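Take a look at the structure below.
The values are calculated or read from the model by the stated rules, or taken from the named source; none is laboratory data. As the structure is a computational prediction, the values presented were derived from the model and not from experiment. Here Cβ is always computed from backbone atoms with ideal geometry, including for glycine, and neighbour counts include all displayed protein chains. With ligands, DNA and RNA removed, areas are computed over all heavy atoms of the protein, side chains included. Shrake-Rupley method; radii C 1.70, N 1.55, O 1.52, S 1.80 Å.
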Amino acid sequence: MNIPELIGHLHPTLVHLPIGILLLASLFQLLALKPKYAALHAATSIALFLGMISAILSCISGYLLSLSGDYDEELVDTHKWFAIATASISLIAYLFNRWENEYAKWVILLMIPLIIITGHLGGSLTHGSDYLTKGFSKDTVTEKEIKPIADVQEANVYADIIQPIFETKCYGCHNKSKKKGKLRLDEPAFILKGGKDGEVIKRGNAEESDMMKRLLLPRNEEDHMPPKEKPQLKDNEIALIHWWIATGATFDKKTKDLEQPEKLRPVLLALQKEVKKVLPDLPQTPVEQADEKAIQKLRDSGIIVFPVARNSNYLKVNFVTVDSITRNDIALLLSIKKQLVWLNLGQKKIPDSLLGLIAQLTNLTRLQLDNTPITDKGLVSLQSLVNLQYLNLVGTNVTPQGVIQLKNLPKLQAIYLYKTFISSPDWPMLKNSFPKVTLDTGNYYVPILETDTTIVMPPQKKKQ
């Protein structure tokens, strides 16, 4: 390392001095405007002198650092001129303050926004242009989650597997704004171009690729990548990059198109996650408004009828205020069967015979039958509810044999089966019958934590 390069590397240390000292000088100047703080005038002059010297030294070291070519040239150029302007204004401010020029305070005030802008541009060079806002974003480099791969064999090797690794572990130093070693890893063309030492990957030859050599160096080695203070690649990630380079470092091929060594197959399979498709809770096709007379007739019977959402013609019905449900009550629902999607009959004495009428409400997506006396005999009728997604059978008399009758419902997502005639040995069989359905068994256990408040009661004395 030569002397100019050494001085350039001192820039991150020197650059904080003018920021702090010149802002402090500005504060002293503002306070000195009041007679009781007039004594700060001398301190202002000293602070301006020190800030000016440190600003000039920062400009020199920053210029030498920029010669490395590790940063975005356009952004460096803007940062450089703002830094020179800040140093120049600090010199003028110091001289005006010494000469007690009436414009000194205005020059110092001008210096404040210049310091802020120059500092922001410097931060953008080292941390990226979004460094101020990325803490509020869910899509930051450090927090970004690799999207689930439904079928790893159909995945694009670079876009779906390799690029997310680079993005989370390499973009911090090798991006558009910061090009450490004149290397960018954020676009295919730059990856192939390499850095100041030449190519970093040799297509088809992972062992001779500089990227792999640096990844495999001991962490305390100076040339190890990523730097030891940065998040490190996992063994599986290194294996994937090695495989990608060894198979030609392509950017357009799918996993199935590349040779897959036996040792790598479990690594690839671990990337594969089942993407569970969540169906919309309401039908996507619009429906005409229900007959107002039919709705009023239901309400006159004590049945609660409401739209499921604002500006929606789809309806939900609740029998919570009805003491006893008759066949005529259920028959009234047929007049709004197109619009009815949510039905709550929980806590009511519903016989199995009424489920035959409910089975005609084929637009239902939610049906609550919890704590009703229905049995397996009634569940047979529900096989026609092809749009049903959620079914609450908590506290009913159903058995595993009855529930299995519903396994062919195409849109079913969840069945709630707590306090039924289903026991622990039955669950494996039910889960095999409903592989894509959540079977809620209840019996939740909430652990007591050390941070919980616990009330300790004294033992009660037995009455003599």
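For the chain, hydrophobic long helices are taken as DSSP H runs at least 15 Å long by C-alpha position along their axis with mean Kyte-Doolittle hydropathy of 1.0 or more; these are 16-32, 40-66, 104-127.
What's the local net charge at residue 205, with K and R +1, D and E -1, over the other residues with C-beta under 12 Å away?
Working: positive: 202, 203, 213; negative: 199, 207, 208, 210.
Residues near residue 205 contribute -1 overall.
3J(HN,Hα) along the stretch 156-170, derived from phi through the Karplus expression 6.51 cos²θ - 1.76 cosθ + 1.60 where θ = phi - 60°, amounts to 6, 4, 6, 5, 9, 10, 7, 4, x, 5, 4, 5, 7, 10, 10 Hz, with x in place of Gly and Pro.
Contact order, relative form, for the chain: 8 percent (alpha carbon pairs under 8 Å, 6 or more residues apart, mean separation divided by residue count). Legend: residue pairs 377/411; 297/337; 176/254; 180/228; 176/213, Cα-Cα distance threshold 19 Å; pairs beyond threshold, 377/411; 176/254; 176/213. A probe of 1.4 angstrom, applied to the heavy atoms of all protein chains, finds residue 431 with accessible area near 120 square angstrom. Under the convention that each Lys and Arg Cβ holds +1 and each Asp and Glu Cβ holds -1, the size of the dipole of the chain around its Cα centre is about 1540 debye.
Counting only Cα atoms, the size of the stretch 40-131 along its three principal axes is 43, 24, 18 Å, in decreasing order.
Per the 1.4 Å probe, what fraction of the accessible area of the chain, in percent, lies on carbon and sulfur atoms? Display every interim value, and only then the final one.
Working: 15950 of 27920 Å².
Roughly 57 percent of what the probe reaches on the chain is carbon or sulfur.
Within the shell of other residues whose beta carbon sits under 14 angstrom from the beta carbon of residue 354, the net charge comes to +2, with Lys and Arg scored +1 and Asp and Glu -1. Remark on residue 149: its backbone amide H falls under 5 Å from those of 273, a criterion applied only to residues 5 or more positions apart or on other chains, H modelled at 1.01 Å from N.
Please compute the per residue accessible area over the stretch 204-326 with all protein chains in place, 1.4 Å probe, rounded to a whole number of Å². Can you show the working numbers first?
Values: 8150 Å² over 123 residues.
Ligands and nucleic acids excluded, the figure is 66 Å² per residue.
Can you tell me the length gained on complete extension of the stretch residue 73 to residue 320, counting 0.36 nm per residue apart and subtracting the Cα distance? Stretched out fully, the residue 73 to residue 320 stretch lengthens by 81.9 nm. Going through (i) 35.5, 101; (ii) 24.1, 78; (iii) 23.8, 87, the figure that equals Rg and Dmax of the Cα atoms in Å as computed for the structure here is (i).
Suppose every K and R has +1 on its Cβ and every D and E has -1 on its Cβ; what is the size of the dipole of the stretch 345-436 about the Cα centre, in Debye to the nearest 20?
Numbers: 9 positive and 4 negative charges, 36 e Å.
Dipole magnitude for the stretch 345-436 comes out near 180 debye.
Which of 182/230; 196/263; 178/253; 196/253 have a Cα-Cα distance over 25 Å? Mind showing how you got there, number by number?
Numbers: 182/230 19 Å; 196/263 34 Å; 178/253 29 Å; 196/253 28 Å.
Correct reply: 196/263; 178/253; 196/253.
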